[in-house]
1. Within segment 1-15, which residues are surrounded by 22 or more Cβ atoms within 10 Å (Cβ to Cβ) and of a type in the set (Lys, Arg)?
2. Of all residues being β-branched (Val, Ile, Thr) and open to solvent by 40 Å² or more (accessible area, probe 1.4 Å) in segment 123-159, which is farthest from His94 (Cα to Cα)? Just the residue, please.
3. Could you pull out the residue among His71, His76 that is at pLDDT below 90, more than 15 Å from the chain's Cα centre (by Cα) and open to solvent by 40 Å² or more (accessible area, probe 1.4 Å)?
4. For segment 181-202, how many residues are closer than 24 Å to His94 by Cβ and at pLDDT 95 or above?
5. For segment 16-32, check the following and say yes or no: at least one residue is β-branched (Val, Ile, Thr) and surrounded by 18 or more Cβ atoms within 10 Å (Cβ to Cβ).
6. From the set of residues in segment 174-206 that are exposed (fewer than 12 other Cβ atoms within 10 Å of the Cβ) and without any contact (Cβ under 8 Å) to a residue 12 or more places away in the chain, which is nearest to the chain's Cα centre (by Cα)?
7. Determine the pairs where a residue that is among the small types (Gly, Ala, Ser), located within segment 63-80, has a partner that is open to solvent by 50 Å² or more (accessible area, probe 1.4 Å) and outside any helix (DSSP H, G or I) with Cβ atoms under 9 Å apart, the partner being 6 or more residues away or on another chain.
8. Just checking, which of Val171, Val166 is touching a Leu at 6+ places or on another chain (Cβ under 8 Å), under 13 Å from Ala4 (Cα atoms) and surrounded by 12 or more Cβ atoms within 10 Å (Cβ to Cβ)?
Amino acid sequence: MISALVGIAIERKLLPGVDAPIAPYFPELNAAGVDARMRKITIEDLLTMRSGLTDTNQAYGAWVRSPNWVHYLLAHSLQAPPGAQMDYNTGNTHLLSAILTKVGGDTWAFAQKALAGPLGFNIPKWPQDPQGIYFGGNDMLLTPRQMIKFGELYLHHGRESGRQIVPESWVEESFVPRTQSRRSGKLYGYGWWLEEMAGQMTAFAWGFG
């Protein structure tokens, strides 16, 4: 869903595009002593889990107990050059939520207005970090029917009842294999896993557990 919101934000000119660096949204990256490579991280690097940022999944407890989740991500050393390799990392999508908060108000309100409302349902408010940024990685409180509704939106190329909710081009771009997990071997697009099943390239959402 964060990926969908990024696509909508780009269409609405709230974001310049996937090639845009994230540094303008996080002034701390311009401070003296910060690894200059971090200023090269792009929105696409976050979408494809290729930012090279510290792996929050390996230190999940320390991350979510920290007083500032965004600062925690940006203060640690890079594990790999941006764009080089995929490491599934919840911190990437949380940074996307932080960016959405800066350009479109809070992520929950944007999701409610741009996605849930047009699909005919409400999203309850889900957990936030200490700075009030809605968690970009987990804990969205969706029912199974709402999850199916969201999946069908992508199955129908971003349209619902004749209305284009997610740009069709974004749906297509999201399903382009852009990297591959070193752990599972599965391909990955913009927030979607991709795998051939019974001769069909299939896109699916697949989180921890």
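1. The answer is none; no residue qualifies.
2. Going through segment 123-159, the residues β-branched (Val, Ile, Thr) turn out to be 123, 133, 143, 148.
Subset that is open to solvent by 40 Å² or more (accessible area, probe 1.4 Å): 143, 148.
Values: Thr143: 21, Ile148: 23 Å.
Among them, the one singled out is Ile148.
3. Values: His71 fails: at pLDDT below 90.
Only one candidate qualifies: His76.
4. Filtering segment 181-202 for residues closer than 24 Å to His94 by Cβ gives 181-184, 186-194.
Retained after the next criterion (residues that are at pLDDT 95 or above): 187-194.
Summing the residues that are closer than 24 Å to His94 by Cβ and at pLDDT 95 or above in segment 181-202 gives 8.
5. Within segment 16-32, the subset β-branched (Val, Ile, Thr) is 18, 22.
Restricting the remaining residues to those that are surrounded by 18 or more Cβ atoms within 10 Å (Cβ to Cβ) gives 18, 22.
Scanning segment 16-32 turns up at least one residue that is β-branched (Val, Ile, Thr) and surrounded by 18 or more Cβ atoms within 10 Å (Cβ to Cβ).
6. That would be Gly185.
7. Pairs found: Ser66/Pro130; Ala75/Asn68; Ser77/Asp35.
8. Numbers: Val171 fails: touching a Leu at 6+ places or on another chain (Cβ under 8 Å).
From the options Val171, Val166, the qualifying one is Val166.
The values are calculated or read from the model by the stated rules, or taken from the named source; none is laboratory data. Predicted model only: the values in this text are computed from it and were never measured. All Cβ positions, glycine included, derive from the backbone under ideal geometry; neighbour counts span all protein chains shown. For accessibility, only protein heavy atoms count, side chains too; no ligands or nucleic acids. Shrake-Rupley method; radii C 1.70, N 1.55, O 1.52, S 1.80 Å.
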